[in-house]
Every structure is written in C-alpha cells, then in structure tokens.
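Before any comments, here is the structure.
The values are calculated or read from the model by the stated rules, or taken from the named source; none is laboratory data. As the structure is a prediction and not an experimental result, all values here were calculated from the model. Every residue, glycine among them, receives a Cβ derived from its backbone with ideal geometry; neighbour counts consider all protein chains shown. Each accessible area value is taken on the protein alone, full model and side chains, heavy atoms only, with ligands, DNA and RNA left out. Shrake-Rupley method; radii C 1.70, N 1.55, O 1.52, S 1.80 Å.
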Amino acid sequence: MTPHLAVLVVVIPLASSLVIPLVGIFSRRAGQTLALLAHVVTLVLALATLVRVLAEGSWSYHLGGWMPPWGIEYVVDPLSAGMAVLISGMALLTMVYAAGCLDKRNSRHPGLSEALFLLLTAGLLGIVMTGDMFNLYVFLEISSIAAYALLTSEEGPSLVATFRYLLVGTIAASLYLLGTGYLYALTGTLNMADLGVRLSETGDSMAVVAGVSLVVIGLAVKAAVFPLHGWLPDTYTYAPVAVVGFIGAVMTKVSAYALFRILFFVLDTQAVSGAAVTWLGWLAVVAIVAGSWMALAQTDVRRMLAYSSVGQMGFIVIGFSLGNVPAMVGGLFHLLNHAVMKGCLFLVAGGVRWRTGATTIKAYAGMGRRLPLTMAAFFVAALSMIGLPPTAGFFSKWYLLVGAVEAQAWVVLAAIIISSALSAIYFFRVIEKAFFQTSDEINPASERTELPGVMLGPVVILAMVVLLLGLLNEPIVTHFVMHALPPNV
Amino acid sequence: MPAFLTHAEYWLAALLLFWGVYGVLASNHLLRKLMAMNIMQVGVIVFFIALAAKSGATAPVVVDVNQSIQASGYVNPLPHALMLTAIVVSVSTTGVALALLIRIQRRYGTLQETTLLERLKQ
C-alpha cells in the first residue's frame with residue numbers, strides 16, 4: 001500500500017472528478033458529499049506521504065511497473081510531499097468555503113464545479129509528484145484547462161480576462177513543450193533524473209541553451225514571474241469568489257515549484273541554468289519593488305492583492321536565486337507562507353464582496369464592525385504579508401534577509417525592505433478603513449453581517465495557520481524545509 | 001544540397017511558431033487569435049515529428065521477434081506518441097476557448113478586441 005501513496009494522491013482526485021458529474025445527475029447532495037470525501041482522502045494521503053518520506057526518505061514509484069527511464073516515474077521527496085500537503089489542504093478548505101457561496105449557481109449542471117475543482121487539484125498534485133518532463137506538461141495543461149473553466153463560472157469581465165489567460169498560458173505551455181523537445185533531441189530521455197545525468201555528460205551547447213531557456217520562459221509565464229505577469233491582475237480580479245482563493249494561492253506556486261525542481265534538481269550541472277537563475281534573480285528584485293508599487297496604486301482590494309502576488313512571487317524566486325542555505329530556506333518557507341496568507345486574504349476579499357458587494361478600499365469603511373471575525377483574519381494575514389512578528393511572513397523574510405547579507409547582495413536587501421514598507425502602507429490603508437473609520441454616513445445599517453460558518457471556518461483556520469507557521473517556524477524549518485533543499489546546496 | 005533545404009521541416013516548424021505568435025499579438029479578432037494559437041501549437045508538433053524521422057527506416061512494428069532488431073531501421077515512435085497526447089491537449093484547450101468565445105459573443109455582442117474593450121469599460 002505505502003509505495004502506492006505517490007500515485008494515489010493523484011489518482012483519487014482524478015477518478016472522483018470523472019465520477020462526480022455522473023453522481024450529480026441523480027443527487028446533487030451525494031455529488032457534493034463525494035467531492036468533500038475525495039478532498040479529505042487526498043489530504044490524508046498527502047499527509048501520510050509526508051510522514052513516510054520524512055521518516056524513511058525519498059522513494060520513486062514506477063507507473064505500470066515500467067522501469068525508468070522508459071516508464072513514467074513519480075518521485076516523492078520532502079519537497080514534493082510538502083507541496084502535495086499544501087495543495088490538498090488549500091483545496092479542502094476552499095472547497096468547504098465554496099459550498100457556502102456556490103450553492104445556488106450551476107444548478108443546471110450539478111456537480112460540475114466540484115468535478116472541475118478536483119480536476120484542478122489532481123493536475124497540480126501531478127505536477128509536484130511527477131519525475132517526467134512530458135508528464136509535467138500534461139498535468140500543467142490539465143490543471144490549466146480546469147482553471148480556465150472554473151475562472152469563467154460567472155458571467156462578466158472574467159470571460160475576456162480568462163480568454164487572454166488561456167492564450168498566454170497555452171503559448172507558455174507550448175514553449176515549455178518545445179524546450180522539452182530540444183532536451184529530448186539531445187539526450188533521448190524525458191525522465192528528469194536521467195536527463196540531468198545525460199546532460200552533465202554532453203555539456204553545454206547552443207541547443208541546451210535554447211532548450212533550457214524555452215522551459216524556463218514557459219514556466220516563468222505560468223508562475224507570473226515579472227515581467228511575464230501580464231495575465232494575472234485581470235484574471236484574479238474578476239475571478240469568482242471561491243475560485244480565486246485557491247488559484248490565487250496555489251497555482252503560481254506550483255509553477256514556481258516546477259521551475260525550482262527543474263533548475264536545481266535536474267539541470268543543476270548546466271552553466272546555462274546558472275545564468276537563468278541569475279537572470280531570474282534580477283527580475284525578482286524588480287518584481288519585489290514594482291509589484292508592491294503597483295499594488296499601492298490600486299483602489300480595488302482584489303486587484304491590490306493580485307499585484308501584491310506579483311511582488312511576493314519575487315520573494316520566492318529571489319530566495320532560490322541567492323542560492324545559499326538561509327535564502328533557499330526563506331524562499332521555500334515563503335512559498336508555503338504566501339500560499340496560506342494570500343489564500344486567506346483572497347477568501348476574505350471574496351467573502352466581503354459576496355456579503356456586502358464591496359470591492360474597493362473605500363467601500364471597506366466600517367467593515368471591521370460588520371464582519372469582525374473575517375476582518376480579524378484579514379488583519380492577521382496582512383500583518384504576515386508586511387512581515388511583522390510573530391506571524392509567518394516575518395520569519396520567511398528574516399531568512400531571506402540573512403541570506404541576502406550572507407551573499408552580500410545589498411540590492412536584494414534594499415528591495416526586501418522597500419517592498420515591506422510599501423506593503424505596510426497599502427495594507428494599513430485597508431485596515432485603517434475597516435477598523436478605524438466608521439461608516440456612519442455611508443451605511444447607517446452597519447450591523448453585524450458575519451459570513452456563514454462554512455465560509456468563516458476556512459478563513460479563520462487559514463489565519464490561525466499563519467500564526468502557527470510563525471510560532472512553530474523553527475521546528476518546521478529544521479524538520480521539513482531543510483530536508484527539502486536541493487542536494488548540492 | 002544546401003543546409004536549409006535538408007532541414008526544411010525545422011524551418012517549417014520555426015515559421016509556424018513565429019507566425020502563430022505574431023498572429024496572437026497582431027490580430028484584432030479573438031477567433032483569429034485562437035486560430036493563430038493553434039498554428040503555433042502545430043509548429044511544436046511538426047518539430048517533434050521531424051525529430052522522429054529517419055531516412056530509409058520503416059514503421060516501428062516488429063514482425064519477426066526472433067530476428068535481431070536494429071533501431072536504425074525504424075522511425076522513433078516516442079515523439080509520435082507524445083504528439084498524440086499534445087494534439088488531445090490542444091483540442092481540449094481549443095474546445096474550452098471556443099466555448100468562452102461563444103459566451104463572450106453572447107454577452108458583449110462582438111469578438112473584435114477594440115470594440116470589446118470599449119464595451120468592457122462601460
């Protein structure tokens with residue numbers, strides 16, 4: 001049973017996404033229950049995988065019994081198992097939240113949004129589990145197609161924004177595929193581990209440079225690495241309430257993970273990937289400052305959060321780029337933290353819009369009185385985004401700063417500090433509106449209209465996880481993040 | 001034969017790729033953009049199929065198992081298999097995109113990007 005964990009984590013959501021629309025035809029309630037069950041089982045399996053990999057070390061699973069490099073191989077190491085827990089955990093919480101606000105919609109096709117959501121989860125889990133370049137492409141597209149459909153489950157500007165995302169995303173995936181073709185032509189293999197070994201024997205050539213560049217550019221678009229983030233703000237702003245909580249929190253992180261995996265575990269012997277890492281690092285420095293600066297200019301809370309994501313992706317990439325142990329720990333820890341806190345913030349923004357219709361910072365006046373618990377969660381997550389102790393964001397930024405000092409990268413140091421100051425400004429604008437400005441003249445009926453339990457629960461849990469990740473940062477880093485680092489750092 | 005003629009299939013792949021990307025950027029109609037995206041995907045497919053080709057080789061079907069098998073006698077089946085999957089992915093993406101276009105047309109009454117952006121602002 002236990003070696004099969006690697007594949008079950010992907011197969012369970014994939015299989016249930018096929019079954020649920022069929023069950024949904026007969027009973028809507030049964031479809032929803034089945035979807036919830038599938039998410040719970042996936043999370044339990046992911047947790048079991050993580051426990052086993054931390055106790056017994058990495059293992060690889062050969063699909064259909066075909067030995068690598070001929071067959072498809074799934075590789076479970078602390079990094080991929082940790083990502084699997086993050087994805088399935090966020091998926092479960094968002095699914096519960098969505099049950100609160102999607103109930104009346106999609107009544108013509110019961111179970112469809114639940115099935116798409118499971119398909120998206122399966123695709124993302126596949127990306128983190130696979131050890132095969134082409135399999136990664138397939139999962140990348142499975143998750144993307146499910147995401148396009150979910151993002152347009154409401155009428156409105158999201159249709160146009162998502163169509164643009166579809167064009168950009170598909171071109172990016174095609175570039176990734178083309179790059180994989182170059183690497184396959186050079187080495188005759190698609191297995192990541194085998195590819196790494198064979199490329200280290202052939203050495204650098206223009207074809208390697210082309211292949212690696214195409215793979216990196218393709219994944220960087222999907223990860224919204226500045227300046228390839230153009231699709232992100234509109235897509236996130238107009239997305240349906242529940243969907244963006246998951247997509248905004250997890251999807252770009254998974255592409256960043258794939259970038260990290262390929263650059264540091266597969267192509268780490270190539271000079272060109274070193275150059276790519278340096279380039280990405282400089283872009284990340286610009287992203288950190290520019291993303292926060294653009295967030296400052298927004299009046300819509302969701303758009304502000306979207307631009308803030310562009311900046312925060314920079315923090316993750318810069319950690320990888322600096323390349324020393326504290327910086328890498330900071331980057332990986334920030335990947336985890338940012339997924340949790342940005343998920344929390346997007347769910348709050350969605351809940352506020354669902355409950356009151358408010359989307360602009362101005363309209364958040366008096367929100368602290370109307371939705372006290374929801375806005376308290378916003379407050380905690382915002383503190384973490386700014387990087388104040390004892391929240392999670394402080395510690396990942398702290399590791400990044402230590403890494404920057406160790407590498408004597410003063411530009412990076414300055415960028416991190418400037419960005420933190422900017423995010424303090426734009427988050428306190430919202431917090432000030434919500435808590436310290438009464439909305440008496442705007443809204444005389446500022447009575448409590450707290451979110452229903454199913455929506456409030458996930459929001460509060462995420463806010464508590466932000467605090468827990470901060471308070472327990474030391475055991476998490478020593479027992480998990482340190483094991484997830486690339487072998488030769 | 002000059003080099004660019006012996007590798008004509010790669011030139012075709014490159015042409016389709018750039019043509020597709022140019023079309024996505026330059027055309028004003030969303031359906032045209034989608035078609036250009038498909039052209040680009042075909043470019044990638046041609047590239048992979050060109051990788052598999054060998055002159056003087058046959059289809060990779062082994063008739064007599066007892067005979068010794070020379071890999072040089074067969075074209076590489078793997079890129080073909082990969083591209084079958086890539087075509088399926090491409091068809092699915094196109095399907096989703098067309099469904100989106102229908103909904104955009106119904107809601108905004110146009111697929112011309114400039115007109116669409118004006119109507120979105122209202």
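If you average the alpha carbon positions of segment A:344-407 and of segment B:37-96, how far apart do those two centres end up, in angstrom? Computed from Cα coordinates, the inter-centre distance equals 50 Å.
On alpha carbon coordinates alone, what is the Rg over Rh value for segment A:282-360, Rh being the Kirkwood radius? Ratio of gyration radius to Kirkwood radius: 1.07. Nonpolar atom fraction for the protein assembly as shown, defined as the carbon and sulfur part of the 1.4 Å probe accessible area, stands at 69 percent. Mind grabbing the base-10 log of I(q)/I(0) for segment A:383-483 at q = 0.20 Å⁻¹? Debye formula, identical points on the C-alpha positions, no solvent, two decimal places. The calculated log intensity ratios at q = 0.20 Å⁻¹ are -1.12. The gain in end-to-end length when the residue B:35 to residue B:121 segment is fully stretched comes to 28.3 nm, 0.36 nm per residue minus the alpha carbon separation. Label-to-label distance for residue A:485 and residue A:299 is 4.8 nm, based on points extended 7 Å past Cα in the beta-carbon direction.
The Rg/Rh ratio for chain A, using Cα coordinates for both the radius of gyration and the Kirkwood hydrodynamic radius, is 0.96.
Between residue B:53 and residue B:28, full extension at 0.36 nm per residue minus the direct alpha carbon distance yields a gain of 5.3 nm. Interface burial in segment A:176-201, defined as at least 30 Å² less accessible area with all protein chains than with the chain alone at a 1.4 Å probe, covers A:177, A:178, A:181, A:184, A:190. Lys-Lys pairs in the protein assembly as shown that are eight or more residues apart or on separate chains and whose Cα atoms lie under 23 Å of each other come to 11.
Per-residue shielding of A:141-147, expressed as the average number of other chain Cβ atoms within 10 Å of the residue Cβ, stands at 3.
Under the definition of partner shielding as Cβ atoms of other protein chains within 10 Å of a residue Cβ, what is the mean value for peptide A:157-165?
On the way: counts 4, 1, 11, 11, 1, 4, 11, 3, 0.
If you average over the peptide's residues, the count of other-chain Cβ atoms is 5.
At an R0 of 51 angstrom, the distance between the Cβ atoms of residue A:418 and residue A:41 translates into a FRET efficiency of 0.70. Using Cα-Cα distances under 8 Å and only pairs 6 or more residues apart, what relative contact order does chain B have, in percent? Result for chain B is 24 percent. The mean accessible area for residues of chain B, using a 1.4 Å probe and ignoring ligands and nucleic acids, is 62 Å² per residue. When chains B and A come together, the accessible area they lose, probed at 1.4 Å and totalled over both chains, is close to 2800 Å².
Hydropathy first: keep DSSP H helices in chain B averaging at least -1.0 on Kyte-Doolittle, then drop any whose Cα extent along the axis falls short of 24 Å, and list what survives.
Numbers: long enough: B:8-26 (26 Å, 1.51); B:30-52 (34 Å, 1.83); B:77-108 (46 Å, 1.04).
Both cut-offs are met by B:8-26, B:30-52, B:77-108.
Over all alpha-carbon pairs in segment A:373-420, figure out the percentage whose distance exceeds 18 Å. When all Cα pairs of segment A:373-420 are counted, 36 percent exceed 18 Å.
Helix A:28-56 and the longest principal axis of the C-alpha atoms of chain A enclose an angle of approximately 50°. Computed on chain A, with alpha-carbon pairs under 8 angstrom and 6+ residues apart, the relative contact order is 14 percent.
With N denoting the number of residues in chain B, provide Rg(C-alpha) divided by 2.2 N^0.38 Å, to two decimal places. Intermediate values should be presented prior to the final figure.
On the way: Rg = 20.6 Å, N = 122, 2.2 N^0.38 = 13.7 Å.
Cα-based Rg divided by the globular estimate yields 1.51.
Across segment A:10-147, C-alpha contacts under 8 Å between residues 6 or more apart give a mean separation that, scaled by the residue count, equals a relative contact order of 33 percent.
Around residue A:304, under 15 Å between beta carbons, what's the net of Lys plus Arg minus Asp minus Glu among the other residues?
That works out to +4.
Using the 1.4 Å probe convention, the accessible area of chain A works out to 34 Å² per residue with neighbouring protein chains retained.
Here the sum of -39500 (n - 2.57) over DSSP H runs of 4 or more residues, divided by the residues of the protein assembly as shown, equals -24500 deg cm²/dmol at 222 nm, to the nearest 500. Name the residues of segment B:39-71 whose accessible area falls by at least 50 Å² when all protein chains are present instead of the chain alone, probe 1.4 Å? Output list: B:40, B:44, B:47, B:48. Helix A:252-261 and the longest principal axis of the C-alpha atoms of chain A enclose an angle of approximately 20°. Averaged over peptide B:11-22, the number of partner chain Cβ atoms lying within 10 Å of each residue's Cβ comes to 1. Dimensions of segment A:265-415 from C-alpha coordinates, computed as largest minus smallest value along each principal axis and given longest first, are 55, 29, 27 Å.
Mean 1/r over all different Cα pairs, inverted: what Kirkwood radius does segment A:194-280 give, in Å? Value: 14.2 Å, from the Cα pair sum.
If you line up the long axis of helix A:392-406 against the longest principal axis of chain A, both from Cα atoms, how many degrees apart are they, to the nearest 10? The answer is roughly 40 degrees. Exposure check, 1.4 Å probe, all protein chains in place: residue B:117 carries approximately 70 Å² of accessible surface. Contact with the other protein chains removes 50 Å² or more of accessible area, compared with the isolated chain and a 1.4 Å probe, from these residues of segment B:88-109: B:89, B:93, B:96, B:100, B:103, B:107.
Loop only per DSSP, at most 11 neighbouring Cβ atoms within 10 Å: give me the GluC sites (Glu not before Pro) in segment A:116-213, ordered by residue number. Could you put the intermediate results ahead of the total?
On the way: sites: A:141, A:154, A:155, A:201; in loops: A:154, A:155.
Answer by residue number: A:155.
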